[in-house]
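Trainee: What follows is a structure written as structure tokens; I'll ask about it next.
The values are calculated or read from the model by the stated rules, or taken from the named source; none is laboratory data. Here the structure is a predicted model, which means the values were calculated and not measured. Glycine gets a Cβ as well: all are built from the backbone with ideal geometry, and neighbour counts include every protein chain shown. We work out accessible area using only protein heavy atoms, side chains counted, and drop any ligands, DNA or RNA first. Shrake-Rupley method; radii C 1.70, N 1.55, O 1.52, S 1.80 Å.
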Protein chains: 4
Amino acid sequence: MTTRMIVLNGGSSSGKSGIARCLQAVLPDPWLTFGVDTLIEAMPTSMQESDAGIEIAPDGEVIVGPGFRTLESAWIEGVAAMARAGAGVIVDEVFLGGAESQRRWQQALGGLGVLWVGVRCESAVAAAREIARGDRITGMAAAQADMVHQGVFYDLEVDTTRSESLECARIIADRVK
Amino acid sequence: MTTRMIVLNGGSSSGKSGIARCLQAVLPDPWLTFGVDTLIEAMPTSMQESDAGIEIAPDGEVIVGPGFRTLESAWIEGVAAMARAGAGVIVDEVFLGGAESQRRWQQALGGLGVLWVGVRCESAVAAAREIARGDRITGMAAAQADMVHQGVFYDLEVDTTRSESLECARIIADRVK
Amino acid sequence: MTTRMIVLNGGSSSGKSGIARCLQAVLPDPWLTFGVDTLIEAMPTSMQESDAGIEIAPDGEVIVGPGFRTLESAWIEGVAAMARAGAGVIVDEVFLGGAESQRRWQQALGGLGVLWVGVRCESAVAAAREIARGDRITGMAAAQADMVHQGVFYDLEVDTTRSESLECARIIADRVK
Amino acid sequence: MTTRMIVLNGGSSSGKSGIARCLQAVLPDPWLTFGVDTLIEAMPTSMQESDAGIEIAPDGEVIVGPGFRTLESAWIEGVAAMARAGAGVIVDEVFLGGAESQRRWQQALGGLGVLWVGVRCESAVAAAREIARGDRITGMAAAQADMVHQGVFYDLEVDTTRSESLECARIIADRVK
């Protein structure tokens, strides 16, 4: 089955968005790429820090409310429809709920050729990169490093701890059919 | 029919994105909002200035290549699917092809309750706001002010020349069913 | 005395940065423009929300700590030195302490030709524009609208409630010697 | 002599700004950090792509006009004045003119304790990171990798090819007096 979608899952600062940009550069056809940030920016600003939307605890934990889930569910359906309509789509995700988060995507992607990719990065290195990026909220990289992979199935995994995004992208691109 | 989508069409610097943010604030339910910029940022960076993608002429005219159309078409299908899946969606668009651009959206939105809104702004005022925003490329506001409305059908029109975004948003919200 | 610096003071969402961009476009020589945001981005991210740095209360009030003052004081000296070295400099400021904030700048600007400009905007309109900009933190526009002008001396005042940034910039530029 | 300024010099995508953010996190006192981008954003947008300002050739070479030099010179004086006024300042620079660029800073920094740091990155790795960042203009990383170091004197050099920004920052911080 032709690969229509690449789902990159990894914690904050694991290097997903860099891999996504490199994938767009090395894949022969033009692919679209969307991240969790695309969805968050599309939401009402009032939901970006409220009980209905997203809340970030002082230790970097992300808590997601019911209003968020409703919009996220429609977003997932829409991204799946883009792939069905013929565009290659790279999704850059943070499976805060592990296997349960993957299940939400799987339900929408039925019948599509999907490549599931785990993006690993050693917790200490991800935390160091979080500091280098100058994010105001710190602690997310460490909090999410292992959590997001729990119970998740992958076609392949890459590790950015000692590999550049471009190398990881080439390994992934080789698996695209 | 319940309104599931609001399409705001207007030239660059006409005030569409401000109206979209205000609509999200005044509408009782949470709506998603997407603009042309969301699509452009999702594309490979190599397409952002190439023959296959988008090119901006020195006078501010935007030229769109065949590669752009393919991804845009999938994007439109996907946004329509989000509305079908139950999310209210505000689209902030620039119909560079006038009626022809609207037709592309209409084909994808069949069966959905859509509110078509024209966002007008006097050309000189839009050009002044373009300077105030500090965009590197100038001339787009003047070039697009009238062009994008040619042959386009609207349910209602608003004018930001002398009205704030929030007032325009309230007028539009009153028409949402 | 030749004008070497233009200080724009106004509350959040009063339109200062738009006027600054327009001033750069209409003034015959190239001028530099800096805002409070330039300073904040230059600070350690840890100070951007801490007791030593800046804190934003739930009602939009901005509280500034002693660590902020030390860096701000050096920043002001540096910006004054740029004007002394021959560059025209536009400063886009929020005098949270009113006359006391102005005094801090005056001490550094001794001997320089300065044009002090008050940027007014009706509180309700500024609050509406804050919503249109989609800022996550709301309430700052209303909280600051009058406060920042208390006891401040101006060479001229402009009002963006019903005037475009470019018109205001032209009025200011006419006063530059 | 107490270190008042750290000048990081390296090509595009060599990792300077990440090191600057990490330095702010590891140094005991609060330091300000400024980059070439701070200056460019402060300039009139009309200068950002014109003969008087900056031009970027198709191969990524950056050409700087006389108007740029005038403002840059005032900027350098101002940043030096911030350090003299008591703030620690990290400067993140690209010495396009090699030794000649360094000389411009040296003239302004007389009498100040300065730590000159060369930030190296293998050309191929910097080019790969440029792709991962999704910059629209590519080729700058490769074009600048060696050029910016020609004839420049350093107190120490770090290499980001195989070291994280945080490790490099710690090495630099150990040399701050």
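Trainee: Are there any pairs with C-beta distances below 6 angstrom linking a residue in region C:127-141 that is touching a residue at least 40 places away in the same chain (Cβ under 8 Å) to a residue that is among the charged types (D, E, K, R), with the two at least 6 apart or on different chains, and if so which?
Mentor: Every condition considered, the pairs that remain are C:T138/C:E130; C:G139/C:D59; C:A141/C:E130.
Trainee: Kindly indicate whether any position in region D:53-66 is at the interface with chain C (Cβ under 8 Å from one of its Cβ atoms) and over 19 Å from the mean Cα position of the chain (by Cα).
Mentor: For region D:53-66, residues at the interface with chain C (Cβ under 8 Å from one of its Cβ atoms) and over 19 Å from the mean Cα position of the chain (by Cα): absent.
Trainee: For the structure I just gave you, tell me whether D:Q150 is within 20 Å of D:Q102 (Cβ to Cβ) and open to solvent by 70 Å² or more (accessible area, probe 1.4 Å).
Mentor: Yes: the conditions hold for D:Q150.
Trainee: Within the bounds of region B:122-144, is there any residue that is in contact with a strand residue (DSSP E or B) (Cβ under 8 Å, 6 or more places away or on another chain), more than 20 Å from B:I63 (Cβ to Cβ) and of a type in the set (A, V, I, L, M, F, W, C)?
Mentor: Checking region B:122-144: not a single residue is in contact with a strand residue (DSSP E or B) (Cβ under 8 Å, 6 or more places away or on another chain), more than 20 Å from B:I63 (Cβ to Cβ) and of a type in the set (A, V, I, L, M, F, W, C).
Trainee: Can you say whether C:D159 is in contact with a Leu (Cβ under 9 Å, 6 or more places away or on another chain), open to solvent by 30 Å² or more (accessible area, probe 1.4 Å) and at pLDDT 95 or above, as far as the supplied structure shows?
Mentor: So C:D159 does not fit the description; no.
Trainee: Shifting gears a bit: Cβ-Cβ under 6 Å, sequence separation 6+ or interchain: first residue in region D:78-102 and buried (at least 20 other Cβ atoms within 10 Å of the Cβ), partner assigned to a helix (DSSP H, G or I) and acidic (D, E). Which pairs?
Mentor: Pairs that qualify, where the first residue is buried (at least 20 other Cβ atoms within 10 Å of the Cβ) and the partner is assigned to a helix (DSSP H, G or I) and acidic (D, E), are D:A81/C:E77; D:A85/C:E77.
Trainee: Hey, does region A:21-35 have a residue that's among the hydroxyl-bearing types (S, T, Y) and either open to solvent by less than 50 Å² (accessible area, probe 1.4 Å) or not in a helix (DSSP H, G or I) (or both)?
Mentor: Yes; the residues of region A:21-35 include at least one that is among the hydroxyl-bearing types (S, T, Y) and either open to solvent by less than 50 Å² (accessible area, probe 1.4 Å) or not in a helix (DSSP H, G or I) (or both).
Trainee: Could you please let me know if C:V64 is among the β-branched types (V, I, T), modelled with pLDDT of 95 or more and out of contact with any His (no Cβ under 7 Å at 6 or more places or on another chain)?
Mentor: The answer is no for C:V64.
Trainee: Now for a separate question. Any idea how many residues of region C:1-20 are assigned to a strand (DSSP E or B) and of a type in the set (S, T, Y)?
Mentor: Residues that pass the stated criteria total 1.
Trainee: With respect to D:M1, determine if the residue is farther than 24 Å from C:S46 by Cα, open to solvent by 20 Å² or more (accessible area, probe 1.4 Å) and out of contact with any Cys (no Cβ under 7 Å at 6 or more places or on another chain).
Mentor: So D:M1 fits the description; yes.
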